[in-house]
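Reviewing the structure listed below.
The values are calculated or read from the model by the stated rules, or taken from the named source; none is laboratory data. Only a predicted model underlies this, so the values are computations on that prediction, with no experimental measurement involved. Positions of Cβ are generated from backbone atoms using ideal geometry, with glycine treated the same way; all protein chains shown enter the neighbour counts.
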Amino acid sequence: MTAKRRSSISFLVVLAVAMAAAVPAFAQEQHNAELSKVVRLNRAPVSNETLQVTLPRPVVTKLPNGLTVLVLERHKLPTVNFILKIGTGDMSDPKDMPGLASFAAAMLREGTSHRTSAQLAADVDKIGATLECSSDFGSTESSVEASGLAPSAGQILDLIGDVVLNPTFPKDELEKFQARQLSDLEQERSQPGVLAEERFHEALYRDFPAAVTLPTPESIKAATPERLKEFHDRYYVPSNAILGVVGDVKADEILGLVRKTFGDWKGPAVPKPDWSHLPPPAPAKIYLVERPDSVQTNIVVGDYGARRTDADYIALYVMNRVVGGGPQARLFLNLREVHGYTYGAYSRLGDDKYREAWYANTEVRNAVTDGSMEQLTLELKRIREEKVPAAELNEAQHSIVANFALSLEQPNQLLTRWMLVQDYGLPVDYWDRFPVEVSHTSADAVQAAARKYVDLDHLQIVCVGDPKQPGNDQKQTIRDVLKKYGTVEVYDTNGKKVE
């Protein structure tokens with residue numbers, strides 16, 4: 001690639017800002033007369049040559065103990081960011097203790113063999129740093145993230161090393177943590193979005209670990225220092241970790257500090273789990289979660305998505321942008337702008353090492369549950385049956401590339417992208433090619449992705465609301481309305497089937 005053809009990141013970002021600020025320009029072909037009223041104007045033209053970029057490369061080093069280290073020098077600001085990824089998350093929880101990985105991660109900061117919880121907090125504050133430890137349900141990894149001023153890099157690394165290598169999981173701090181978790185769980189189970197997520201994942205994944213989205217009171221109470229330490233010692237080992245560093249640092253200097261902190265870290269190898277064996281897709285069904293006195297119906301519709309490493313992932317990514325990837329996408333324009341059913345309607349696509357869900361979701365007034373289900377179904381049929389018009393496809397592609405370009409100005413985003421390449425075994429030029437591949441995705445490829453992943457015969461639909469409330473102008477109840485769209489199974493807010 002010549003210098004003339006290769007655009008710098010800075011130029012691409014300037015262009016992206018202009019694109020993001022512009023209102024997309026075309027009158028979208030619609031599946032009914034009402035949608036034809038929505039007109040998009042003044043989209044700025046973009047040359048395809050501006051879509052080429054070469055990301056700055058990190059220095060990749062593997063220590064003798066198996067720890068992989070990525071260092072990305074960025075000298076614009078006098079700061080440094082660290083991300084340590086441990087290759088286990090709540091996907092690895094024992095069946096009798098959902099949440100164990102997140103408990104272990106959260107408790108790392110609550111005391112080590114060198115510092116109490118209060119001393120850790122004081123030492124972090126003293127140097128103006130941040131230190132966060134977490135693991136999420138549905139994730140295959142846990143993370144320790146820290147940031148601060150670059151001259152404090154050695155002190156920050158010392159804090160990371162202390163919580164990762166020397167946690168003690170003190171009993172008194174664990175008891176406080178458990179009390180907070182029990183209170184948080186009670187609050188979460190009152191939230192319709194949480195209930196919808198729980199039922200959707202159970203319906204979709206069934207006996208696969210991703211089916212679990214919340215701990216239980218029993219699992220919270222069963223956590224002990226011994227159980228947490230056993231989990232930590234098994235998974236928190238160097239060969240199961242990747243450390244990323246980005247900021248105003250010199251690679252050789254920071255690697256010296258990393259070796260000093262983590263060079264003696266040891267532990268047995270962790271077998272790589274196989275996340276490819278999902279349950280076969282279940283027949284389409286509607287799940288109604290009874291939430292008395294709800295004034296809205298939360299709707300989630302979806303099926304298995306693709307993995308980042310799948311050949312059709314980018315086509316599905318573009319399809320997702322067309323359907324529900326933002327306020328210019330079809331679901332938002334239809335359900336909000338045309339019909340006024342909701343404040344927002346979106347779709348989302350994950351990219352973990354297993355097939356995370358592709359799903360659409362919205363929250364609508366009780367009385368328009370019927371109309372919302374109808375329009376949502378129409379949009380899903382439409383993306384399967386009709387090729388995306390060229391102007392609409394072009395707008396979606398430029399939107400993705402603009403957002404990608406803007407993200408390159410964020411050091412943490414750059415580092416995370418390179419860690420993903422390393423962890424997933426992607427080609428080293430994956431992100432260099434990403435904007436071009438997005439721009440070259442054809443309408444045929446988008447339709448093929450829609451037909452494969454928006455599988456109407458296996459869509460899982462979850463509605464959370466008050467089943468006795470009117471769901472349309474004919475005063476039919478929400479429960480009766482949903483029967484028009486398929487088989488309905490009813491659950492209570494504790495996840496128990498009631499009929």
Considering only region 448-462, I want to know if a residue exists there that is touching a Lys or Arg at 6+ places or on another chain (Cβ under 9 Å), more than 26 Å from Ser190 (Cα to Cα) and crowded, with 21+ Cβ neighbours inside 10 Å.
yes
Tell me, please, whether a residue that is within 11 Å of Leu63 (Cβ to Cβ) and part of a loop (DSSP other than H, G, I, E, B) can be found in region 255-264.
yes
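Can you work out which of the residues in region 315-353 that are in a loop (DSSP other than H, G, I, E, B) and among the charged types (D, E, K, R) is surrounded by the most Cβ atoms within 10 Å (Cβ to Cβ)?
As a first pass, look at region 315-353 and keep what is in a loop (DSSP other than H, G, I, E, B): 325-329, 339-344, 350-353.
With among the charged types (D, E, K, R) added as a condition, the list becomes 351-353.
Values: Asp351: 17, Asp352: 18, Lys353: 20.
Across region 315-353, the extreme among qualifying residues is Lys353.
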Pairs where the first residue, in region 453-469, is in the same structural domain as Arg189 (by TED's automatic domain parsing) and among the β-branched types (Val, Ile, Thr) and the second is at pLDDT below 95 and assigned to a strand (DSSP E or B), C-beta under 8 Å, 6+ apart:
none
Matching residues in region 401-432 - criterion: being over 20 Å from Phe82 (Cβ atoms) and in contact with a Pro (Cβ under 8 Å, 6 or more places away or on another chain):
Val401, Phe404, Ala405
The conditions are (1) closer than 17 Å to Ala104 by Cα; (2) of a type outside the set (Val, Ile, Thr); (3) touching a Leu at 6+ places or on another chain (Cβ under 7 Å), and Ala146 fails exactly one of them. Which is it?
(1)
Cβ-Cβ under 7 Å pairs, at least 6 apart or on other chains, region 366-378 side in contact (Cβ under 8 Å) with a residue 40 or more places away in the chain, far side in a helix (DSSP H, G or I)
Asn366/Ile478; Thr369/Ile478; Thr369/Val481; Asp370/Val481; Ser372/Leu335; Gln375/Asn334; Gln375/Leu335
For Asp444, work out the one condition from (1) outside any helix (DSSP H, G or I); (2) at pLDDT 95 or above it doesn't fulfil.
(1)
State whether one or more residues within region 304-314 are under 30 Å from Val194 (Cβ atoms), of a type in the set (A, V, I, L, M) and surrounded by 21 or more Cβ atoms within 10 Å (Cβ to Cβ).
yes
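Do we have Glu226 as in contact with a Phe, Trp or Tyr (Cβ under 9 Å, 6 or more places away or on another chain), of a type in the set (Asp, Glu) and free of Cβ contacts under 8 Å to residues at least 12 places away in the same chain here? Give the steps one after another, and end with the answer.
Values: in contact with a Phe, Trp or Tyr (Cβ under 9 Å, 6 or more places away or on another chain): yes; of a type in the set (Asp, Glu): yes; free of Cβ contacts under 8 Å to residues at least 12 places away in the same chain: yes.
Yes; evaluated as a whole, the condition is true for this residue.
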In region 409-431, residues that are of a type in the set (S, T, N, Q) and free of Cβ contacts under 8 Å to residues at least 40 places away in the same chain total 2
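Looking at Tyr354, is it farther than 28 Å from Gly66 by Cβ, in contact with a helix residue (DSSP H, G or I) (Cβ under 9 Å, 6 or more places away or on another chain) and in contact (Cβ under 8 Å) with a residue 24 or more places away in the chain?
Numbers: farther than 28 Å from Gly66 by Cβ: no; in contact with a helix residue (DSSP H, G or I) (Cβ under 9 Å, 6 or more places away or on another chain): yes; in contact (Cβ under 8 Å) with a residue 24 or more places away in the chain: yes.
It is false that Tyr354 is farther than 28 Å from Gly66 by Cβ, in contact with a helix residue (DSSP H, G or I) (Cβ under 9 Å, 6 or more places away or on another chain) and in contact (Cβ under 8 Å) with a residue 24 or more places away in the chain.
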Go through region 115-171 and give me each residue that's surrounded by fewer than 22 Cβ atoms within 10 Å (Cβ to Cβ), on the phi > 0 side of the Ramachandran plot and touching an Asp or Glu at 6+ places or on another chain (Cβ under 8 Å).
Gly138
Taking only pairs six or more apart or across chains, which ones have beta-carbon atoms under 7 Å, a first residue in region 288-300 that is assigned by TED's automatic domain parsing to the domain that holds Asn361 and closer than 12 Å to Glu363 by Cβ, and a second residue that is among the aromatic types (Phe, Trp, Tyr) and part of a strand (DSSP E or B)?
Val300/Tyr359
If you go through region 389-400 one residue at a time, do you hit one that is assigned to a helix (DSSP H, G or I) and under 30 Å from Thr79 (Cβ atoms)?
yes
Test: Pro238 is surrounded by fewer than 16 Cβ atoms within 10 Å (Cβ to Cβ) and either more than 23 Å from Thr416 (Cβ to Cβ) or at pLDDT 95 or above (or both):
no
How many of the residues in region 199-219 are free of Cβ contacts under 8 Å to residues at least 40 places away in the same chain and of a type in the set (Gly, Ala, Ser)?
1
